[in-house]
Amino acid sequence: MNLLRISCFASLGMLVSVASSGARAQEAATPLTLAAVVDDAAKNYPAIHISQEELNASVARIHLARTAYLPRLDATAQFNRGTRNNVFGSLLPQSILPPMSGPVIGTNNGGSVWGSAAGVLINWQPFDFGTRSANVHAAEAARDRAAAANLRTQLEVETASADAYLSVLASTQAVKAAQTAVENWETLRQSIHALASAELRPGADESRVNAEKAAAANQLALAQQAVEMSVATLHKFQSAPVASVTPQAKLLSSVPTSTGAENPLAVSENPLMAERKAATAENAAQLHAIERSWAPQFNLEGAAYGRGTGAETDGRRLTGTNGLAPNVGNYVAGINIAFPVMDFASMHAKAAAQSATLRAARANEDLTARNLQEQFAQAQAELRASETIAQNTPTQLEAAQTALNQATARYKAGLVPVDDVAQAQRLQVQAEIDNAIARLNVWRAFLKLQYLRGDLQPFLQEANR
């Protein structure tokens, strides 16, 4: 049962770990401290790089949106050979039949001529009723959301890495307590073995002690498993293999002197809340861009081009390479106005969908604020309870040690059965574990409090003071 509590404790969500990983401690490496763990994770953990590149992509999309203000310049050149038959009449716009220019000459034959064309077209929108500006603002809002997400990811990674550090320390303290229990049972077994051999104690007592020692060894094995699992979690946050973890004595022997638990929570300072607000602003900007998109488009256009053909208007065909050079030039300039009248229905539907998304974002923002307030109140309660427990566990440990000494002495004097010693030993092991973890629980609650505040610096400063 004790061991189950140990392994569960090591896997609690958002834990922090400190300790040493036995076999790896033999490797030569710089000892790992809490501050080093957090710093390494903040700089090198892949999730940080992912959110940073997403931020870089959103910044690039702002530049892309701003390119809409630039004029468009297109150039083309063409050389062909084909027939010059032409007919009167109109065709609807299509992309299959090649365009034909020139008069109808009243013939229909397969003779072909050379043709050529080259030209440039420049197109620029002098004004757009705010469409491009709205798109740029939407891209900037997306950038702000990505920046907030980057800060949130960094805070979560730093918290989880500190958590993993404390978990290693907690599980290591459990190993020490379990190891002490095994050693105590072995000492008692040797003593009882001598008494049983001298027929001063029944042999059943030695069997009972062997069973208790085996149970303690099982607890030790599970505690060592918890250490290895928590160290594996710690490794995940490090850019290089961890050889050893240096337990900070302050984390094991004292509690934070100042936690600021009495101060109210400023919800807006939490990066998660900032991300929610940025998402709301992004959706509002996208709605504004949609509303601005149904507007006339004014385009200033200018073109210069040359044409060449080997066909004459009287039906003759020029020989040789005539027509391969665009020797007849033209230019044209003007304004082109286009208005997608029937797009009103689709724009209205898009705006309705985006409005719903915006309302959902605002509701999500409110929900996040309430959740943070709830979690902060729970963290305050957890911190107060942890501080009280940390004050009481030394007394509990001292009493358990005294009870074990008395039970052992009374058993050796033949006043109590071995069951009393076994019960006292179990209570003493549990008291050691509770005492070792009590102060770490205070640090863990303090860490959670600062995570909800959105700033781990007070926690790190307290730990390193």
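The values are calculated or read from the model by the stated rules, or taken from the named source; none is laboratory data. Values in this document were obtained by computation on a predicted structure and should not be read as measured data. Note that we place each Cβ from the backbone using ideal geometry, even for glycine, and neighbour counts take in every protein chain shown. Side chains included, ligands, DNA and RNA excluded: accessible areas come from the protein's heavy atoms. Shrake-Rupley method; radii C 1.70, N 1.55, O 1.52, S 1.80 Å.
Brief remarks follow.
- For region 239-387, the C-alpha radius of gyration divided by 2.2 N^0.38 Å, with N the number of residues, is 2.34.
- Exposure check, 1.4 Å probe, all protein chains in place: SER197 carries approximately 80 Å² of accessible surface.
- Residue-wise HN-Hα coupling along region 275-285, computed from phi with Karplus coefficients 6.51, -1.76, 1.60 (Hz; x: Gly, Pro): 5, 5, 5, 5, 5, 5, 5, 5, 5, 5, 5
- Heavy-atom accessible surface of region 402-463: percent carbon and sulfur, 1.4 Å: 50 percent
- Residues GLN52 and GLU312, FRET efficiency given R0 of 60 Å [Cβ-Cβ distance, rounded to 0.05]: 0.35
- Gyration tensor verdict on region 101-159 (Cα atoms; rounded if a/c is under 1.5, prolate if a/b is larger than b/c, oblate otherwise): prolate
- Using a probe of 1.4 Å, the accessible surface attributed to LYS236 totals some 110 Å² when neighbouring protein chains are kept in position.
- The alpha-carbon of LYS176 sits under 27 angstrom from the alpha-carbons of these lysines, leaving out residues fewer than 8 places away in its chain: LYS213, LYS236, LYS250, LYS412, LYS448.
- Reach of LYS350 by Cα under 18 Å, taken over aspartates and glutamates that are not fewer than 8 positions away in the same chain: GLU282, GLU291
- When you filter the chymotrypsin sites (Phe, Trp or Tyr not before Pro) in region 75-123 for DSSP loop state and at most 16 other Cβ atoms inside 10 Å of their Cβ, you are left with PHE88.
- Cut-off under 5 Å, modelled amide H: who pairs with GLN297 long-range: ALA338, PHE339
- Between helix 46-66 and the chain: long-axis angle, C-alpha atoms, 0 to 90°, nearest 10: 20 degrees
- Label corresponding to mean projected area of the Cα convex hull in nm² when calculated from the structure given, among [x] 30.2; [y] 22.4; [z] 38.2: [z]
- Radius ratio Rg over Rh of region 36-158, counting only Cα atoms, Kirkwood formula for Rh: 1.36
- A 1.4 Å probe run over the protein chains yields, for region 89-163, 54 Å² of accessible area per residue, whole-number rounding.
- Amide H contacts under 5 Å for VAL416: TYR411, restricted to partners 5 or more places along the chain or on a different chain, H placed in the peptide plane at 1.01 Å from N.
- Taking amide H as placed 1.01 Å from N in the peptide plane, the amide H of VAL255 sits under 5 Å from none that are at least 5 places away or on another chain.
- The longest part of the chain holding none of the exposed loop GluC sites (Glu not before Pro), meaning those outside H, G, I, E and B in DSSP with at most 16 other Cβ atoms within 10 Å, is 28-198.
- Ellipticity at 222 nm from helices only: DSSP H runs of n ≥ 4 in the chain, each -39500 (n - 2.57), divided by the residue count, give -22000 deg cm²/dmol.
- In order along region 149-156, the phi-based Karplus estimate (6.51 cos²θ - 1.76 cosθ + 1.60, θ = phi - 60°) of 3J(HN,Hα) comes to 5, 5, 5, 4, 4, 5, 4, 5 Hz; Gly and Pro are listed as x.
- With all protein chains modelled, accessible area of MET273 [1.4 Å, Å²]: 10 Å²
- Accessible area in the full protein assembly, largest first, 1.4 Å probe, for LEU70, LEU318, LEU372: LEU70, LEU318, LEU372
- DSSP beta bridge pairing in the chain, given as percent antiparallel to the nearest 5: 95 percent
- Converting phi to 3J(HN,Hα) with the Karplus coefficients 6.51, -1.76 and 1.60 and the offset θ = phi - 60°, region 299-307 yields 10, 7, 10, x, 9, 9, 8, x, 10 Hz in sequence order, with x at every glycine or proline.
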